[in-house]
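First comes the structure, then the notes that go with it.
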Amino acid sequence: LLTLKHGKLFLAVFSAVLGNFNFGFALVFPSPVIPQLQKGEDPRLQMDIHQISWFGSIFTLGAALGGVSAMVLNDRVGRKISIMLSGVPSVVGLLVMGAAQNFWMLLWGRFLTGIAGGITAGSIPVYVSEISHPSVRGALGSCPQITAVFGSLALYAFGLVLPWRWLAVAGEIPVIIMMILLCFMPTSPRYHIMKGNRARAVKSLEWLRGPNSDYLTEFNKIERSINSQGVQWSDLKTRSYYKPILISVVMRFLQQMTGITPILVYLEPIFHMTAISLEPKYDAALVGAVRLMSVAIAASLMDKAGRKALLFTSGFLMYIAMLSMTMYTHKTQCNHGNLTVTEGLKSTYGGLTGPAFDPITLIPLISAMVIIFGYAMGWGPITWLLMSEILPLGARGVASGLCVGVSWITAFVLTQLFMHVVEAYGLFAPFLFFSVVSVVNIIFTAKCVPETKGRTLEEIENFFRTGRTFTILDS
């Protein structure tokens, strides 16, 4: 029944989130590629620790740039066109990486796919939340996150069978499908109203909701909420503006401080360093599969359990897992000869020739799974969802750009420093830091995050304006 009613809406969301699939794919590209390059014959493509750090982290710099561009593009050309434009750097970047003859080409390709990732991260959640029907907004709002996870899993899985140049080529397919499909999808009705095209807004709402639905009432609601919304800088002094913007920015900052980006980007290299008995590339694919499962669980719970409950569970799981990872890597430092990062990647042993299977070596694998599981259950998708729900509609473009910028710059610093810290202090140091951050996250959730389950965007805005709990429910 749901599918029939929202069929076209689902199609529009699907076309848009293909961009996120590609984002997830491109983000973790180094994980299988770094080990392949280190073992490869081509000396021009073998990297030292600085180069590895740049190869891993320059993506996030591109994403910060893309996030800022999305901010401008969202309100200039609309959400849908922005998503389509992100396909250009994506296609070019993947081609450059696939054809790379030296380290610089790899970097450029990473940077371009990063820009594309930043644009999609800044536009797709807005587009999806603006075309979604309130009854399915939680589930659809976690779609961008799910497809990004799917993309990463696809990359880890293809990394098992494809040589790295073909990996880059495989990434072109979803981008091209996305660009073709989006040509036939409607622009966000909210954007049409903001630009004053009422007739078009009605038409695109009708397309999304079906001709027999109550789409005119919804249109009037959207129009009312937009008309009550001029934003001047002076408004930012008022509580109803700065509070949700601050909450969103801090949440995005903390989301990255949990260390999720470096862990995913360097997943295989991390497993090479923890001397796991199972081959690292299979571990990475396993973790990818767990991540997918947990995001699916979160999407189904999101509108039932409420956002805060999931954030607490998520923070707690990550804390436990980071802590056990810290203890494991701290304990095993001496007896597994101190491999530096680059040596650790070169001396890869297959399951047969390596040390005999030792159950304790499963700890890093299980910890990694729980970290990813915890993140994907709460701090991953909900941060994005809350951002698209609590930001005041008028300041949404600017604020979500700001959030994306903060988020990616944090990710850049962490991804850049991660390998250097591991080199200097050992693998336990970053994980100890991340477990402290998880505790901070739990406290922040308790003190500052509002519950938005089952509220309309207008009610949520009212809450920040009046500071009272959601008034419309009581009347």
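The values are calculated or read from the model by the stated rules, or taken from the named source; none is laboratory data. Only a predicted model underlies this, so the values are computations on that prediction, with no experimental measurement involved. Here the Cβ is made from the backbone with ideal geometry for all residues, glycine too, and neighbour counts use every protein chain on show. In case anyone asks, the SASA skips ligands and DNA or RNA and just uses the protein heavy atoms, side chains included. Shrake-Rupley method; radii C 1.70, N 1.55, O 1.52, S 1.80 Å.
Within the range 79-88, not a single residue is over 30 Å from His6 (Cβ atoms) and touching a residue at least 40 places away in the same chain (Cβ under 8 Å).
Is it the case that some residue within the range 431-439 is in contact (Cβ under 8 Å) with a residue 40 or more places away in the chain, outside any helix (DSSP H, G or I) and among the aliphatic types (A, V, I, L, M)? No, every residue in the range 431-439 fails to be in contact (Cβ under 8 Å) with a residue 40 or more places away in the chain, outside any helix (DSSP H, G or I) and among the aliphatic types (A, V, I, L, M).
Of everything in the range 293-309 that's buried (at least 18 other Cβ atoms within 10 Å of the Cβ) and in contact with a Phe, Trp or Tyr (Cβ under 9 Å, 6 or more places away or on another chain), which residue is nearest to Gln145 (Cα to Cα)? Per the stated criteria, the residue is Val295.
Among residues of the range 9-49 being out of contact with any Lys or Arg (no Cβ under 8 Å at 6 or more places or on another chain) and outside any helix (DSSP H, G or I), the one that is farthest from Ala157 (Cα to Cα) is Asp48.
Where helices (runs of 4 or more DSSP H) fall entirely within the range 110-184, those with at least 3 residues that are under 30 Å from Val202 (Cβ atoms) are at 137-141, 143-161, 172-182. Might you check whether a residue that is modelled with pLDDT of 80 or more, open to solvent by 20 Å² or more (accessible area, probe 1.4 Å) and part of a helix (DSSP H, G or I) occurs anywhere in the range 254-261? Yes, some residue in the range 254-261 is modelled with pLDDT of 80 or more, open to solvent by 20 Å² or more (accessible area, probe 1.4 Å) and part of a helix (DSSP H, G or I). For the range 302-322, give me the residue count where each residue is closer than 14 Å to Gly138 by Cα and assigned to a helix (DSSP H, G or I). Final tally of qualifying residues: 7. Contact annotation: residue pairs with Cβ atoms under 7 Å, 6 or more positions apart or on different chains, pairing a residue in the range 161-182 that is closer than 14 Å to Ala16 by Cα and crowded, with 16+ Cβ neighbours inside 10 Å with a partner that is of a type in the set (Phe, Trp, Tyr) and modelled with pLDDT of 90 or more, are Pro174/Phe21. Answer yes if at least one residue in the range 205-221 is of a type in the set (Asp, Glu), free of Cβ contacts under 8 Å to residues at least 60 places away in the same chain and not in a helix (DSSP H, G or I), and no otherwise. Looking through the range 205-221, at least one residue is of a type in the set (Asp, Glu), free of Cβ contacts under 8 Å to residues at least 60 places away in the same chain and not in a helix (DSSP H, G or I). Trp54 meets the conditions (1) among the hydrophobic types (A, V, I, L, M, F, W, C); (2) under 25 Å from His420 (Cα atoms); (3) surrounded by 24 or more Cβ atoms within 10 Å (Cβ to Cβ) in every case but one. The failed one is (3). Select from the range 65-81 the residues that are open to solvent by less than 10 Å² (accessible area, probe 1.4 Å) and closer than 22 Å to Gly109 by Cα and list them in ascending order. Across the range 65-81, the qualifying residues are Gly66, Gly67, Ala70. Arg198 - would you say it is modelled with pLDDT under 80 and among the charged types (D, E, K, R)? It is true that Arg198 is modelled with pLDDT under 80 and among the charged types (D, E, K, R). Take the residues in the range 438-453 that are of a type outside the set (Gly, Ala, Ser) and open to solvent by less than 10 Å² (accessible area, probe 1.4 Å); name whichever of them is nearest to Ile390 (Cα to Cα). Among those that are of a type outside the set (Gly, Ala, Ser) and open to solvent by less than 10 Å² (accessible area, probe 1.4 Å), it is Thr452. Under the condition of being more than 16 Å from Ile260 (Cβ to Cβ) and either polar (S, T, N, Q) or at pLDDT 90 or above (or both), the residues counted in the range 388-420 number 2.
Has the range 29-44 got at least one residue that is in contact with a helix residue (DSSP H, G or I) (Cβ under 7 Å, 6 or more places away or on another chain), over 24 Å from Glu423 (Cβ atoms) and open to solvent by less than 40 Å² (accessible area, probe 1.4 Å)? The answer is no; no qualifying residue exists.
Residues in the range 454-474 that are of a type in the set (A, V, I, L, M), at pLDDT below 75 and either farther than 22 Å from Ile222 by Cβ or crowded, with 16+ Cβ neighbours inside 10 Å (or both): Leu457 alone.
Candidates in the range 103-149 are the residues that are aromatic (Phe, Trp, Tyr) and open to solvent by 10 Å² or more (accessible area, probe 1.4 Å); of these, the one that is modelled with the lowest pLDDT is Phe103.
Selection of the range 194-204 for residues being open to solvent by 20 Å² or more (accessible area, probe 1.4 Å), assigned to a helix (DSSP H, G or I) and not charged (D, E, K, R) yields Met194, Ala199, Val202.
Count of the range 417-437 residues, restricted to those that are open to solvent by less than 50 Å² (accessible area, probe 1.4 Å) and more than 23 Å from the chain's Cα centre (by Cα), is 6.
Looking for something hydroxyl-bearing (Ser, Thr, Tyr), surrounded by fewer than 17 Cβ atoms within 10 Å (Cβ to Cβ) and without any contact (Cβ under 8 Å) to a residue 60 or more places away in the chain - is there at least one such residue anywhere in the range 1-20?
Yes, the conditions are met somewhere in the range 1-20.
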